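Working notes for the structure below.
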Amino acid sequence: MNIFKIPKMDKEEYDRLINDNYICRIAFRGDEFPYIAPFLYNFDDSR
């Protein structure tokens with residue numbers, strides 16, 4: 001299994017990335033096989 005590292009971003013870049021989308025996928029390592037779970041989110045950039 002290859003590991004993919006997210007490239008370095010400044011705050012404006014990752015805020016824009018998170019704000020422009022609403023779904024992400026997170027991979028987990030299962031006992032025999034990895035699995036991917038979708039997550040919906042809402043970005044609150046008021047802080």
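From 31, 45, 20, which residue is touching an Asp or Glu at 6+ places or on another chain (Cβ under 9 Å) and not hydrophobic (A, V, I, L, M, F, W, C)?
Testing whether each residue is touching an Asp or Glu at 6+ places or on another chain (Cβ under 9 Å) and not hydrophobic (A, V, I, L, M, F, W, C) leaves just 45.
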Inset, instruction - Taking only segment 13-47 into account, find how many residues are in a loop (DSSP other than H, G, I, E, B) and surrounded by fewer than 10 Cβ atoms within 10 Å (Cβ to Cβ). - result: 10
Inset, instruction - Among what's in segment 1-32 and is without any contact (Cβ under 8 Å) to a residue 24 or more places away in the chain and in contact with a strand residue (DSSP E or B) (Cβ under 8 Å, 6 or more places away or on another chain), pick the residue that is nearest to residue 43 (Cα to Cα). - result: 22
Legend entry - Meets criteria (in a loop (DSSP other than H, G, I, E, B) and modelled with pLDDT under 85) for residue 2: yes
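The values are calculated or read from the model by the stated rules, or taken from the named source; none is laboratory data. Nothing here was measured: the structure is a model prediction, and the numbers come from that model. A quick note on method: Cβ atoms are made from the backbone with ideal geometry, for glycine too, and the neighbour counts reach across all protein chains shown.
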